[in-house]
1. What accessible surface, in Å², does a 1.4 Å probe find on F25, ignoring ligands, DNA and RNA and rounding to the nearest 10?
2. If I ignore ligands, DNA and RNA and count only protein heavy atoms, how much of L4 is accessible to a 1.4 Å probe, in Å² to the nearest 10?
Amino acid sequence: MKILIATGGNIQDDFALAYIKKEKFDCLIAADSGMEFFYRAGIQPHHIVGDFDSAKRSFPFSGEKAGSSF
């Protein structure tokens, strides 16, 4: 199983999207402000973890109804 964990910091969207498509991950995890990347890319991660105190916005994903676990 291949797992990707997106954390905070500078994520270059074009590079990250190409990498995700190339590697075909089985599980995507958003950790804290790593959720910003998934939001910008329109990707629903499988799992969302953290307290999101560094997130710049609240996210409209509906969590478990959309397939994510917290």
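1. F25 exposes around 40 Å² with every protein chain in place.
2. Using a 1.4 Å probe on the heavy atoms, I get roughly 30 Å².
The values are calculated or read from the model by the stated rules, or taken from the named source; none is laboratory data. Only a predicted model underlies this, so the values are computations on that prediction, with no experimental measurement involved. Quick note on the areas: whole protein, heavy atoms, side chains included, nothing else; ligands and nucleic acids left out. Shrake-Rupley method; radii C 1.70, N 1.55, O 1.52, S 1.80 Å.
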